[in-house]
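Below is one structure; the comments refer to it alone.
The values are calculated or read from the model by the stated rules, or taken from the named source; none is laboratory data. What you are looking at is a predicted structure, and each value in this text was computed from that prediction instead of being measured. Counting neighbours? That spans all protein chains shown, and the Cβs are built from the backbone with ideal geometry, glycine included.
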C-alpha cells in the first residue's frame, strides 16, 4: 500500500494544533514552521508529510523519532505503527521534552513515549535497532551513530546540509542514500 494515504490519515487524525503552544494555535492552518520555544520549531505539515511518506512506516515497526519537540511527529508515527509497534521520541531541550512527553501521553497510545535525550548520546542506542528513524533536525553530515541504530533493511529520513535524505541500511551492511529535495531545519545537536 502506498504510504501517502496512510500518512494523510494519520495527519487528519492528529492535527498539529493540539501540539502547538497556545499562542501559536491560531496559526496551525499555515503550511509553515511554527515556533515551539527554545529556538525550536514545529515543522510545516507539507514537510512532515513528505518525510513520513519517504519513511514508509508500517504496522509493527519500531521507530526512533529524533528531535521530537512537541510530540507531534511521535504521535503521527505511533498512529502509523499501531499498537503492535513501538515509537520512542527523544528531545534535547528539557522543557520541550516535558511538554512533548505530556502531549504523547494524552494521545492514549501507550506504545509511544517521548523522553529527554541523554547528553552526549545521539538517539537511543540502548533501545535499538530500529526499523525506521525520523530525524527532524539538520546535521552537516550523515551521523553514523544513527546509522548504527538501524536494523538491516531499516530506513532513516534525515535532512543533511540542506537536502532531505532517505538512508537505507542493506542486509549486507551497505549504506545507500538518496536525496529528495532541498529543506531547511534547525541544527541537530550532536554533543
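Of these, 150, 188, which one is in contact (Cβ under 8 Å) with a residue 12 or more places away in the chain, touching a strand residue (DSSP E or B) at 6+ places or on another chain (Cβ under 6 Å) and over 16 Å from residue 129 (Cβ atoms)? Steps first, please.
Values: 150 fails: over 16 Å from residue 129 (Cβ atoms).
Answer to the selection: 188.
When restricted to residues that are surrounded by fewer than 22 Cβ atoms within 10 Å (Cβ to Cβ) and not in a helix (DSSP H, G or I), the range 86-100 contains 2.
Determine which single condition residue 171 fails, assuming it passes every other condition in (1) surrounded by 12 or more Cβ atoms within 10 Å (Cβ to Cβ); (2) farther than 23 Å from residue 16 by Cβ. It fails just one condition, (1). Determine whether residue 18 is at pLDDT 95 or above, out of contact with any strand residue (DSSP E or B) (no Cβ under 8 Å at 6 or more places or on another chain) and not in a loop (DSSP other than H, G, I, E, B). When the stated conditions are applied, residue 18 does not pass them.
Residue-level check: of (1) at pLDDT 95 or above; (2) within 19 Å of residue 37 (Cα to Cα), residue 134 misses just (2).
Residues in the range 137-162 that are in a loop (DSSP other than H, G, I, E, B) and under 28 Å from residue 35 (Cβ atoms): 8 in all.
In the set 181, 120, only one residue is out of contact with any helix residue (DSSP H, G or I) (no Cβ under 9 Å at 6 or more places or on another chain), surrounded by fewer than 20 Cβ atoms within 10 Å (Cβ to Cβ) and either at pLDDT below 95 or under 23 Å from residue 80 (Cα atoms) (or both); that residue is 120. For the range 121-129, the criterion of a residue being free of Cβ contacts under 8 Å to residues at least 40 places away in the same chain, farther than 20 Å from residue 61 by Cβ and part of a strand (DSSP E or B) is satisfied by no position. So, in the range 22-47, of the ones that are touching a residue at least 60 places away in the same chain (Cβ under 8 Å) and closer than 18 Å to residue 99 by Cβ, which residue ends up farthest from the chain's Cα centre (by Cα)? Across the range 22-47, the extreme among qualifying residues is 39.
Conditions tested, residue by residue: (1) closer than 20 Å to residue 130 by Cβ; (2) touching a strand residue (DSSP E or B) at 6+ places or on another chain (Cβ under 7 Å); (3) modelled with pLDDT of 95 or more.
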| residue | (1), (2), (3) |
| --- | --- |
| 76 | yes, no, yes |
| 82 | yes, no, yes |
| 85 | yes, yes, yes |
| 93 | no, yes, no |
| 105 | no, no, yes |
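Exactly one residue out of 79, 113, 165 is closer than 22 Å to residue 18 by Cβ and in a strand (DSSP E or B), and it is 113.
Could you tell me which of the residues 64, 52 is under 11 Å from residue 134 (Cβ atoms), outside any strand (DSSP E or B) and either modelled with pLDDT of 95 or more or in contact with a helix residue (DSSP H, G or I) (Cβ under 8 Å, 6 or more places away or on another chain) (or both)?
After ruling out the rest, the residue left standing is 52.
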